[in-house]
Amino acid sequence: MSKEVSNEELSEKELDTPVTEETGEGQAEASLGQAEGDENEELNGEEPEEELPPPTPEELKQLRADAAKAAEYYERLLRQVAETDNLRKRLAKEKQDAIRYANESLIEQLLPTMDSFDMAMMAVNAAGETSIDSLKTGIEMVHTQLKRTLEEVGLTEVDAAGQEFDPALHEAMSKKETDEAEEGTILEQIRKGYKLKDRLVRPASVVVATAPSEGNNPEEGENE
């Protein structure tokens, strides 16, 4: 077994050993190496982890309370996610139904007009040769009823005859030279226009007056 040498014994040996140039250099190198080794050990060495003290009863109580709140919040979150998903599905279905049955109300209002057509056709078939007057009466009745139904949903006619041409409401099908009306005045309405509330559904097709050119007969007109 090796014997441990105390610092005092080392000091005595150092004192007894004669100091020469070689021994001085060796001792200096040894001291420097030992210092570097101690520094590396301090840098590479890991500090021991400190053991945390056990939680106190108050801390345990608080942890349990926090865990209970977290579980409660998680359950609320799950319910909110489920309710949001159900709402999204319901709104999507309602949107699809609204698109599919958007004209249901209009169709319900047009059904009496269809009934009138059926009754007019039955009257014509029953009248035989004297059916012209009955047919005329039936057509007038159906036309009046259909027009009233469309007006109830917001459809109105664009009154173009005699008005000044408006490209936002009218569609010029042709121009006619005349000196009986100012240039740009609508002389004739070929097809009626319609507006649904404030939105134009179809412009009115019209013939517009234009000033007669020299040498042309205004009655002949000019179609474009």
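Observations on the structure shown:
- Hey, ALA98 assigned to a helix (DSSP H, G or I) and either surrounded by 10 or more Cβ atoms within 10 Å (Cβ to Cβ) or without any contact (Cβ under 8 Å) to a residue 40 or more places away in the chain (or both) or not: yes
- Look at (1) assigned by TED's automatic domain parsing to the domain that holds ARG202; (2) under 44 Å from the mean Cα position of the chain (by Cα); (3) more than 17 Å from LYS192 (Cα to Cα) and you find that GLN145 fails only one, number (1).
- Selection count where residues are part of a loop (DSSP other than H, G, I, E, B) and surrounded by fewer than 16 Cβ atoms within 10 Å (Cβ to Cβ), scope region 164-177: 3
- Residues in region 81-118 that are of a type in the set (A, V, I, L, M) and closer than 30 Å to ILE139 by Cα: ALA102, LEU106, ILE107, LEU110, LEU111, MET114.
- Reported count of residues in region 192-224, each being over 17 Å from ALA168 (Cβ atoms), part of a strand (DSSP E or B) and at pLDDT below 90, is 1.
The values are calculated or read from the model by the stated rules, or taken from the named source; none is laboratory data. Values in this document were obtained by computation on a predicted structure and should not be read as measured data. Heads up, the Cβs are rebuilt from the backbone with ideal geometry, glycines too, and the neighbour counts pull from every protein chain shown.
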